[in-house]
Amino acid sequence: MNKAIIGRKLGMTQLFSQDGKVIPVTVIEAGPCPVVQVKTLERDGYSAVKLGFDQIDEKKLSKPEAGLFKKIGVPAQKVLKEFKLDGADAMTVGSVVTCDVFQAGDKIDVSGISKGHGFTGVIKRWNQHRLKETHGVGPVHREPGSMGAISNPSRVFKGKNLPGHWGCEKVTVLNLEVVKVDKERNAILVKGAVPGPVKGIVTLRNSVKA
């Protein structure tokens, strides 16, 4: 059965296995996520469930958004995500998904928005080398270099590594292992690093490769 939950990346730490090995883990505050909407095959054409995360004051929402939560009787949520899950039709609005939906040993895929680095050059963005600082190079040691032939094709090929905006893109890390689930603290500890900055929103779902 497909499983999913919304969380917030809190940072990284380490655990020790029983044989004394160090396990680097990412701590994720996962849930609780109330069910805000249930979509059915008969009414909507597909089966899915919309989960909320991070309760906030209704004053911070628009009137239509606040009215929606008031109508369904669910506290206002800052983040809403839709998941196509098996058995979504059986879920009810107002029920809560907690972190214990996953267990230690599960394989999951974690998605998040990567850290924004702003406008960067080719050295920082694409790990290119500096030009030589010998006579004749000029003050262009961090420039991208030649763009190609002048006469043919008289343009830069699409996809060339050039300076530009780096980061703030959706990144998914596949097949990560759940090391520990702490229901009292709504925490899931995942082996390795997950995308996004600290306090960034991430989504967790069971891995399709597991």
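For the chain, give the percent of accessible area contributed by carbon and sulfur heavy atoms, probe 1.4 Å, rounded to a whole number.
53 percent
Below 14 angstrom from the Cβ of residue 8, what's the summed charge of the other residues (Lys, Arg +1; Asp, Glu -1)?
+3
When ligands, DNA and RNA are left out and all protein chains stay put, how many square angstrom of accessible area per residue does the range 121-163 have with a 1.4 Å probe?
Normalised by residue count, the accessible surface of the range 121-163 is 87 Å².
For residue 90 and residue 175 in one chain, what is 0.36 nm times their gap in residues minus the Cα-Cα distance, to one decimal in nm?
27.9 nm
Report, to one decimal in Å, the Kirkwood hydrodynamic radius for the range 14-123 based on all distinct Cα pairs.
This gives a value of 17.1 Å.
Report the FRET efficiency, 1/(1 + (r/R0)^6), for residue 154 and residue 124, where r is their Cβ-Cβ distance and R0 is 41 Å, rounded to 0.05.
Values: r = 29 Å, r/R0 = 0.71.
My answer for the efficiency is 0.90.
Just report the Cα centroid separation between the range 135-162 and the range 1-78, whole Å.
Cα centroid of the range 135-162 versus Cα centroid of the range 1-78: 46 Å apart.
Which of 142, 125, 185 ends up with the largest GNM mean-square fluctuation for the chain, with Cα atoms connected below 10 Å?
With Cα springs under 10 Å in the chain, the top fluctuation among 142, 125, 185 is at 142.
Order 26, 172 by their accessible area, 1.4 angstrom probe, all chains in place, largest first.
172, 26
Which percent of Cα pairs goes in each bin when the distances of the range 97-210 are cut into 5 angstrom slices starting at zero?
Final binned percentages: 2, 10, 14, 14, 13, 9, 9, 8, 8, 6, 4, 3, 1, 0.
In deg cm²/dmol and to the nearest 500, what is the mean residue ellipticity at 222 nm of the chain if only DSSP H runs of at least 4 residues count, each as -39500 (n - 2.57), divided by the residue total?
Result for the chain: -2000 deg cm²/dmol, rounded to the nearest 500.
Which chymotrypsin sites (Phe, Trp or Tyr not before Pro) from the range 1-62 combine a DSSP loop assignment with at most 12 other Cβ atoms within 10 Å?
Here the chymotrypsin sites (Phe, Trp or Tyr not before Pro) that fit, given the DSSP loop and packing criteria, are 46.
Using Cα pairs closer than 8 Å and at least 6 residues apart in sequence, work out the relative contact order for the chain, in percent.
Averaging sequence separation for qualifying contacts and normalising by length gives 31 percent for the chain.
Restricting to Cα pairs below 8 Å that are 6+ residues apart, what does the relative contact order work out to for the range 1-114? Please round to a whole percent. Please report the intermediate quantities before stating the final value.
Working: 192 pairs, mean separation 33.8, N = 114.
Across the range 1-114, relative contact order equals 30 percent.
Based on the Kirkwood radius over alpha-carbon pairs, what value in µm²/s does the Stokes-Einstein equation return for the translational diffusion coefficient of the chain at 10 °C and 1.306 mPa s?
Value of D from the Cα-based Kirkwood radius: 78 µm²/s.
Please work out how much length the chain gains when fully extended from residue 132 to residue 66, using 0.36 nm per residue of separation minus the C-alpha to C-alpha distance, in nm with one decimal.
17.8 nm
What whole-number value in Å² describes the accessible area per residue of the range 1-90 for a 1.4 Å probe?
That works out to 59 Å² per residue.
Taking 2.2 N^0.38 Å as the expected size of a compact globular protein, what ratio does the Cα radius of gyration of the range 48-110 give against it, to two decimals?
After normalising by residue count via 2.2 N^0.38 Å, the value is 1.29.
Going by alpha carbons, how many degrees (0 to 90, nearest 10) lie between the helix axis of 63-72 and the longest principal axis of the chain?
That helix lies at roughly 40 degrees to the long axis.
Find out how many positive minus negative residues lie around residue 123, taking Lys and Arg as positive, Asp and Glu as negative, among other residues whose Cβ is under 10 Å from that of residue 123. Working shown, then result.
Values: positive: 124, 125, 130, 142; negative: 143.
So the surrounding residues net to +3.
Around residue 148, with a cut-off of 11 angstrom between Cβ atoms, what is the net charge of the other residues, counting Lys and Arg +1 and Asp and Glu -1? Mind showing how you got there, number by number?
Working: positive: 155, 160; negative: none.
The answer is +2.
The values are calculated or read from the model by the stated rules, or taken from the named source; none is laboratory data. Since we're looking at a predicted model, the values are computed, not measured. Every residue, glycine among them, receives a Cβ derived from its backbone with ideal geometry; neighbour counts consider all protein chains shown. To get the accessible areas, we keep the full protein, side chains included, count just its heavy atoms, and leave off ligands, DNA and RNA. Shrake-Rupley method; radii C 1.70, N 1.55, O 1.52, S 1.80 Å.
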